[in-house]
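See structure below.
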């Protein structure tokens, strides 16, 4: 798996609702982005941060090609800079993801061009997903040319494996995988929950 995958952490958002850079929030003494990067290093040959610069933390960082294009722009930047067959893209505000989750998702790819988990409430998580670089990059370029901004627009154009929560719920910490930290209230709740184990 490691040789086939490069990982990208999207960290280019303005964090308006949080009021501070979400990636630099900490849980149990470790910054969100450091924790996520550590996990990704165990499943990918290279880990790159897209958006803000985190080289002060020893993390390779690149700027968004389309800084005002939101999540799809971040995915496009990741795919453009990927050299492996697959790009694993995750957001910087998902501190409870684990290596076991990513290993399970990758095993489920079969002949698909994207692998995307779905929360228990049936909301998909395109920023915790695998993208086959060549086909997904081509469609992402087309979507940006058309003025489209939603990752779901991309996932509707490629052969996507939607991974129902039941397919990952047996993994340790599954109930917290998709806890998204957007507000100070979310951050408070996350600190009460604690860090999920791998």
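Miscellaneous remarks
- Every condition in (1) in contact with a strand residue (DSSP E or B) (Cβ under 9 Å, 6 or more places away or on another chain); (2) at pLDDT 95 or above is met by residue 92 except one, and the failing one is (2).
- Consider region 8-28 and keep the residues that are in a loop (DSSP other than H, G, I, E, B) and surrounded by 14 or more Cβ atoms within 10 Å (Cβ to Cβ). The one that is modelled with the lowest pLDDT is 15.
- Test: residue in region 144-158 that is closer than 21 Å to residue 41 by Cα and buried (at least 16 other Cβ atoms within 10 Å of the Cβ): no
- Evaluation of residue 115 against the conditions (1) in contact (Cβ under 8 Å) with a residue 60 or more places away in the chain; (2) in contact with a helix residue (DSSP H, G or I) (Cβ under 6 Å, 6 or more places away or on another chain); (3) crowded, with 23+ Cβ neighbours inside 10 Å shows that the sole unmet condition is (1).
- Residue list for region 21-36, filter: more than 17 Å from residue 2 (Cα to Cα), in contact with a strand residue (DSSP E or B) (Cβ under 9 Å, 6 or more places away or on another chain) and in contact (Cβ under 8 Å) with a residue 60 or more places away in the chain: 22, 23, 25, 32, 35
- Candidates 39, 75 - the one that is closer than 21 Å to residue 180 by Cβ, in contact with a strand residue (DSSP E or B) (Cβ under 7 Å, 6 or more places away or on another chain) and outside any strand (DSSP E or B): 75
- The one condition in (1) closer than 25 Å to residue 4 by Cβ; (2) surrounded by fewer than 16 Cβ atoms within 10 Å (Cβ to Cβ) that residue 49 fails to fulfil: (2)
- Checking the stated criteria, residue 87 turns out to be in contact with a helix residue (DSSP H, G or I) (Cβ under 6 Å, 6 or more places away or on another chain), closer than 11 Å to residue 8 by Cβ and in contact (Cβ under 8 Å) with a residue 24 or more places away in the chain.
The values are calculated or read from the model by the stated rules, or taken from the named source; none is laboratory data. The model shown is predicted, which means the values in this text are computed figures rather than measured ones. So basically every Cβ, Gly included, is an ideal-geometry build from the backbone, and we count neighbours across all protein chains shown.
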